[in-house]
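Report on the structure given below.
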Amino acid sequence: MKTYESIIKQMEEQLSEIEYNIENNSKDKELIEEDLFYITNKAINAKDSFKLNYFKRKDPELLKEIEADYAYRMLDELSDCIARCAYLKCIIFMH
């Protein structure tokens, strides 16, 4: 469980850094796009893994650690990371 939480926290920090770089033009556009591609893939993979382990396989360790409400919140947070990546990609293309 802590793995997913740390992944989300790390991605949120990376996205904040990317947003700062976009606002201040402090990093090459192509490098930012690469970073966003990496983070988007990481978020999608984490979300798919979480859904598979919690909802389909019903991993006993995960089920012990998390209640369903919290599991849905985790999925929402991962979805938010994916949406934020898409939003930042749009901003890059508009610059």
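The values are calculated or read from the model by the stated rules, or taken from the named source; none is laboratory data. Remember, it's a predicted structure, so these values are computed and weren't measured experimentally. Glycine gets a Cβ as well: all are built from the backbone with ideal geometry, and neighbour counts include every protein chain shown. The protein model used for the area step is the full one, side chains on, heavy atoms only, and it has no ligands, DNA or RNA in it. Shrake-Rupley method; radii C 1.70, N 1.55, O 1.52, S 1.80 Å.
Restricting attention to the stretch 3-22, and to residues there that are touching a helix residue (DSSP H, G or I) at 6+ places or on another chain (Cβ under 9 Å) and of a type in the set (D, E, K, R), which single residue is surrounded by the fewest Cβ atoms within 10 Å (Cβ to Cβ)? Step by step, filter the stretch 3-22, then rank; the result is Glu5.
The single condition among (1) small (Gly, Ala, Ser); (2) surrounded by 13 or more Cβ atoms within 10 Å (Cβ to Cβ); (3) more than 23 Å from Met94 (Cβ to Cβ) that Ala68 does not meet is (2).
Filtering the stretch 50-65 to residues that are modelled with pLDDT of 85 or more and touching a Phe, Trp or Tyr at 6+ places or on another chain (Cβ under 8 Å) leaves only Phe50. Close contacts from the stretch 1-29, counting a first residue that is over 17 Å from Asn45 (Cβ atoms) and a second that is of a type in the set (Asp, Glu) and open to solvent by less than 60 Å² (accessible area, probe 1.4 Å), with Cβ to Cβ under 9 Å and a gap of 6+ residues or different chains, come to Glu17/Asp35; Ile18/Asp35; Asn21/Asp35; Lys27/Asp35. Scanning the stretch 19-49 for residues that are among the aliphatic types (A, V, I, L, M) and out of contact with any Phe, Trp or Tyr (no Cβ under 9 Å at 6 or more places or on another chain) turns up Ile22, Leu31, Ile32, Leu36, Ile39, Ala43, Ile44.
Of all positions in the stretch 30-51, at least one carries a residue that is of a type in the set (S, T, N, Q) and surrounded by 15 or more Cβ atoms within 10 Å (Cβ to Cβ).
Residues that are within 16 Å of Met74 (Cα to Cα) and at pLDDT 90 or above do not occur anywhere in the stretch 17-27.
Screening the stretch 8-95 for helices (runs of 4 or more DSSP H) wholly inside it with 2 or more residues that are polar (S, T, N, Q) and under 9 Å from the mean Cα position of the chain (by Cα) returns the ranges 29-51.
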